[in-house]
1. Of the residues that sit in the stretch 12-38 and are surrounded by 10 or more Cβ atoms within 10 Å (Cβ to Cβ) and polar (S, T, N, Q), which one is modelled with the lowest pLDDT?
2. Could you check residue 72 against (1) part of a helix (DSSP H, G or I); (2) at pLDDT below 95; (3) surrounded by 15 or more Cβ atoms within 10 Å (Cβ to Cβ) and say which number it fails?
3. Only one residue in 119, 123, 93 is touching a strand residue (DSSP E or B) at 6+ places or on another chain (Cβ under 6 Å), modelled with pLDDT of 95 or more and not β-branched (Val, Ile, Thr), so which one is that?
4. Run down 182, 152, 106 and say which single residue is in contact with a Gly (Cβ under 9 Å, 6 or more places away or on another chain) and free of Cβ contacts under 8 Å to residues at least 40 places away in the same chain.
5. Yes or no: the stretch 213-223 includes at least one residue that is surrounded by fewer than 22 Cβ atoms within 10 Å (Cβ to Cβ) and in a loop (DSSP other than H, G, I, E, B).
6. So, of the residues in the stretch 96-111 that are at pLDDT 95 or above and surrounded by 15 or more Cβ atoms within 10 Å (Cβ to Cβ), which turns out to be farthest from residue 186 (Cα to Cα)?
7. Output the residues belonging to the stretch 188-214 that are within 19 Å of residue 155 (Cα to Cα), of a type in the set (Gly, Ala, Ser) and at pLDDT 80 or above.
8. Taking residue 115 as the residue in question, decide whether it is surrounded by fewer than 13 Cβ atoms within 10 Å (Cβ to Cβ) and among the acidic types (Asp, Glu).
Amino acid sequence: MKNFDVLSNCYKLKFHGKFAFTLAEVLVTLGIIGVVSAMTVPTLMQNHQRKTFVTQLQQVYNLFSQAFSQYITDKNALNLHEAGLTSVAEVKNFINNYFKVTKSCSAFTDCFTSEKYHNLNGNELTNTSYWPSTNAPCFVLANGASICMEHSKYHTSYGHITIDVNGAQGPNIAGRDLYFVSYYNDGSIDEDGIPPSCKLSGTGCGSGKTAAKDVRTAIGATCKTRKDAKGCFGLILNNNWEMDY
């Protein structure tokens, strides 16, 4: 019996000695894992953040699309003009009646950040001529997004919506959490400069019959360097709600 125990112990030692890892091997393995993690984790986090921003933007887009459709139906009208969305007062009524609002703002910075917005290249947005004023009342929605909206006849046949998908929170970058979009009399929402006629027939998008997708691409080519918040929304629409820039 004792001889058996001795042989068994010897076998165990031999077995363990053959398959066990040394401390040096463990440290090397951990080092490799650390290097790989350092290289991949930031990219994974950036991709996750992009998807979060796009999801929040799409949610606001859907809220407006549904609200426009319901508003036209409730007013028994053919379009937003006929329904009466043609004044600042009616914009306020529209937002309060068709959205869950947590705050109505008296100034842009009451809903958005008081800090400077930047483009994707890190330069400050200096073209603030589109910044909402008394002509575009601002609100904070229940989902945390901040929006300012012109009435549908402000530019004769369309209006603008300024959207910060996460309100005053960072990064406060155009093309990430800040967007400036157009909506039209039929209730459609698109990149600024893409009227419904462009999507239907190709006309109305610059010279010739340029497709809406091509115009979005042309406008979006400068979205990283623009001094306003235009351009990037169209790239997201073109890419089936994916942010790959």
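1. 37
2. Among (1) part of a helix (DSSP H, G or I); (2) at pLDDT below 95; (3) surrounded by 15 or more Cβ atoms within 10 Å (Cβ to Cβ), residue 72 violates only (2).
3. Details: 123 fails: touching a strand residue (DSSP E or B) at 6+ places or on another chain (Cβ under 6 Å); 93 fails: touching a strand residue (DSSP E or B) at 6+ places or on another chain (Cβ under 6 Å).
The unique qualifying residue is 119.
4. Step by step, each of 182, 152, 106 is checked, and only 182 is in contact with a Gly (Cβ under 9 Å, 6 or more places away or on another chain) and free of Cβ contacts under 8 Å to residues at least 40 places away in the same chain.
5. Yes: one or more hits.
6. 101
7. 188, 193, 197
8. Numbers: surrounded by fewer than 13 Cβ atoms within 10 Å (Cβ to Cβ): yes; among the acidic types (Asp, Glu): yes.
Here the answer is yes, as residue 115 does meet what is asked.
The values are calculated or read from the model by the stated rules, or taken from the named source; none is laboratory data. Quantities reported herein were computed from a predicted structural model and do not represent experimental measurements. With ideal geometry, Cβ positions are generated from the backbone for all residues, glycine too; neighbour counts draw on all protein chains shown.
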